[in-house]
């Protein structure tokens, strides 16, 4: 699965990448309006494999299954418009995030033809899944991803030359891995073409699902569904733009904020790789016994407070390990207010340069 795993824990080939520019200007798509059937149901396929993220699919599932149209008949079966089901490579039980076991209803070989497809973040990415997604996009009304489920749509070639979004912690990796896709940051959802949509992280999938409901049945039905769910988010009503600027890191407070001289304090810099740079903040402070300790943040992956261990300071040198899966060694120059050295993770050795921050991070 391509997910928002911190660089210091993830394979470098995935995590490193150039920060992409904002999406290029394109001609606007026609209004996204879908025709609802007068009778029967709209089948909604949820593609699941190991470690599918719970809220990515459970949120949209709740939206679609809560849509009720009393005018369609007295029976509950008639009033429920959408018919959700799960599909995977096999019908063997699989484990979603948090450890819950889910048994898929269908495989890609025998699943009903979907009107809507929902693809959450997950590990699996079989050739059969990708081909099934391509067929669904050619025949159905909607193919939507949530969070890093966008990786699956990109792998299927459904996003080439089109705008798309994903979880903000995956912007850097996604832009690097799929340079043909026009990544849009700070979006709850993006309409990529007449069929394909991508949502941002996690709860953004609820907004996109409500937006899809609105394209079928109008604002009142979508609002009634949100009310039934007691969902107070408003992101589904707009153009998908986020109210939060996710490209800006969270303000992090640590004991390092009290130090502005010597090695202790906050240090900000970049971890340089062959295809780009990732913003990093290092926090150093003394523990209760005066020994150096601290944490490190990967700003572009929105990961803060990763503990560093085995901190060694002295004679103008500094070394530490992070998350037990990599190590930095370098020099400290008090006059230049700089730390320069090498981060080693596996066989990869990357340059890491840091300068002192005079204010609290970031």
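All of the numbers you see were taken from the coordinates with simple rules; none came from a lab. Keep in mind it's a predicted model, so treat the numbers as computed, not measured. Because the Cβ atoms are built from the backbone with ideal geometry, glycine has one as well, and the counts that use them run over all protein chains shown.
Points worth noting:
- Relative to the longest principal axis of the Cα atoms of the chain, the long axis of helix 219-228 lies at roughly 70 degrees.
- A convex hull fitted to the Cα coordinates of the chain yields 156 cubic angstrom per residue.
- Taking one quarter of the surface of the C-alpha convex hull of the stretch 254-305 gives a mean projected area of 4.0 nm².
- Rounded, prolate or oblate (a/c below 1.5 giving rounded, otherwise prolate when a/b exceeds b/c) for the stretch 93-197 by Cα gyration tensor: oblate
- Projecting label points 7 angstrom from Cα along Cα→Cβ for residue 32 and residue 287 puts them 5.0 nm apart.
- Principal-axis tilt of helix 127-139 within the chain, Cα atoms, nearest 10 degrees: 50
- If both residues of a DSSP beta bridge must be in the chain, then about 75% of such bridges are antiparallel.
- Between the Cα long axis of helix 54-66 and the first principal axis of the chain there is an angle of about 20°, rounded to the nearest 10.
- Global dimensions of the stretch 211-362 from alpha-carbon coordinates: Rg and Dmax equal 21.4, 70 Å.
- Spin-label pair residue 125-residue 251: with each label point 7 Å from Cα along the Cα-Cβ axis, the two points sit 3.8 nm from one another.
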